[in-house]
Amino acid sequence: MDKELKFPAGFMWGSATSAHQVEGGNNNDWTEWEKSENRIEALRLQGLDPQNFISGRACDSYNRYEEDFDIARQLNHNTHRFSIEWSRIEPEEGRFDDRAMDHYLAVIEALRKRGIEPIVTLWHFTNPIWFARKGGFLNPKSSEYFSRYACYVAQKLDGKARWLITFNEAGTVYAGFAYLLGLWPPQYKSLYKTMRVIKNIRKAHRSAYKAIKSTSHNVIIGTTSMLTYVVYGRRFYEKIIGRLFNYLRNFYFLDKTARFHDFIGVDYYHVDRIRRFGNFLSEGYEVLPKQQLMPEMDWEFYPQGLYDVLKDLKKRFNKPVLIAENGIADSTDQKRSKFMTEHLYWVWRAIQDGVDVRGYIYWSLLDNFEWAKGFEPRFGLVEIGYATFSRKIRPSAFEYAKICKTNQLDIG
Ligand code: BGC
């Protein structure tokens, strides 16, 4: 039986990018790391070509954003999420570059002209070099530095963007990869440092939130978190450990800042299984059988898990939610359309069951620089030919465009 699943009126449909991943020509702590001898040597030892791991000109979207937004409009997106690059705005401590800010004002204007609502992220994994040299978010004054930058931007935006995201996945992915697992710059492996960074980022979010709210009345502010569907075994103590892991992994950062969120941004991609530990801990295959792997990331994905995550979030915080990222790396484009449809089905179900979801933002509009994994994973609705910066819309993007246009999901 064919069914038409309607989304609420005014639902936001779109896609996202971030500055470092698409703009090109950046100069921040990531660009320094990409080019550092240690990083290049580590890639060579793995038999990889370091050139594919240097963001360089990326998608050249700093210059081609109008072309990108023409595509977004053609695909019926009514929203676009992008990030402002702190290192461009404040290249040296305390020196704010008005011309760099004018660029982003032009970006917003270009979106508005096409009838697309901007969602602005202020921080998406990268730091100005001066800030990194001061210890980044380990520095006790980091919240003041961040808040000063956030206020500068908010004042210049002057209400032109209503949706602001201070931090992208800072307390989940960033703190974990950069300070606990040593995989991203500055490559620490320290639980103590991880906790300090989370604490300082929370503080930075709170002070930016309060400061911006005191002057700009029309904005709504949140953060995004990468939330995963945590799977653990059935035994009593496995449940306790599993729930504790779920809390630390997904909600620890949000818990103390929830009050300072007008909405919560959810980035949902995959399942997280508890690591096997002899006979003591199982990976929970008896609870959830092995799911499909995302082709270019090796992530096990489970659309129904998004429903559980959304319900859990409502129970804990009861706030409006924006699906700020959900996407698949699939250069063949064979799985993308189904991936989106299945996730959207569970978003729709969550809405029916009372979760206040305001929009769905696909990651990403374009193929782009996928951080430590370089240029290989292809998340884009649009394929980028990196040699010439060509843009080619993938078939799944047109499928998504129909959903955006009709504000409904047709399932057969
Ligand atoms: C990040 C994006 C990233 C995507 C896919 C999210 O963690 O916000 O920057 O490209 O997931 O890994």
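Restricting the range 118-134 to residues that are more than 20 Å from Thr223 (Cβ to Cβ) and outside any loop (DSSP other than H, G, I, E, B), the residue that is nearest to the ligand (Cβ to nearest atom) is Ala132. When the residues of the range 255-273 are filtered to those that are away from the ligand (no atom under 16 Å from the Cβ) and surrounded by 19 or more Cβ atoms within 10 Å (Cβ to Cβ), the one that is nearest to Tyr362 (Cα to Cα) is Phe263. Between Phe389, Phe379, Phe369, Phe375, the distinction of being surrounded by fewer than 24 Cβ atoms within 10 Å (Cβ to Cβ) and within 16 Å of the ligand (Cβ to nearest atom) belongs to Phe375 only.
Considering each residue of the range 327-373, count those that are assigned to a helix (DSSP H, G or I) and on the phi > 0 side of the Ramachandran plot, and give that number. Qualifying residue count, the range 327-373: 1. In the range 12-67, of all residues being away from the ligand (no atom under 16 Å from the Cβ), over 27 Å from Glu90 (Cα atoms) and within 21 Å of the chain's Cα centre (by Cα), the one that is least open to solvent (accessible area, probe 1.4 Å) corresponds to Trp13. All conditions in (1) within 16 Å of the ligand (Cβ to nearest atom); (2) within 16 Å of Phe398 (Cα to Cα); (3) open to solvent by 10 Å² or more (accessible area, probe 1.4 Å) hold for Gln334, with the sole exception of (1).
The conditions of being in contact with a Phe, Trp or Tyr (Cβ under 6 Å, 6 or more places away or on another chain), open to solvent by 80 Å² or more (accessible area, probe 1.4 Å) and either among the β-branched types (Val, Ile, Thr) or away from the ligand (no atom under 16 Å from the Cβ) (or both) are met by Glu93.
Working carefully through the options Ala324, Ala329, find the one that is crowded, with 23+ Cβ neighbours inside 10 Å, within 26 Å of Asp255 (Cα to Cα), within 14 Å of the ligand (Cβ to nearest atom) and not charged (D, E, K, R). From the options Ala324, Ala329, the qualifying one is Ala324. Kindly evaluate Ser142 against the criterion of being closer than 17 Å to Trp30 by Cα and either at pLDDT 95 or above or surrounded by fewer than 17 Cβ atoms within 10 Å (Cβ to Cβ) (or both). For Ser142, the condition - closer than 17 Å to Trp30 by Cα and either at pLDDT 95 or above or surrounded by fewer than 17 Cβ atoms within 10 Å (Cβ to Cβ) (or both) - is not met.
Contact map, the range 268-291: residues that are on the phi > 0 side of the Ramachandran plot paired with residues that are open to solvent by less than 90 Å² (accessible area, probe 1.4 Å) and not in a strand (DSSP E or B), Cβ distance under 8 Å, separation 6+ or inter-chain. Pairs shown: Gly284/Tyr232; Gly284/Gly233; Gly284/Glu238; Gly284/Gly242; Gly284/Ile274.
The values are calculated or read from the model by the stated rules, or taken from the named source; none is laboratory data. For clarity, every value in this text was computed on a predicted model and none was experimentally measured. Cβ: placed from backbone, ideal geometry, glycine included. Neighbour counts: every protein chain shown. Keep in mind that these areas ignore ligands, DNA and RNA; they rest on the heavy atoms of the full protein, side chains included. Shrake-Rupley method; radii C 1.70, N 1.55, O 1.52, S 1.80 Å.
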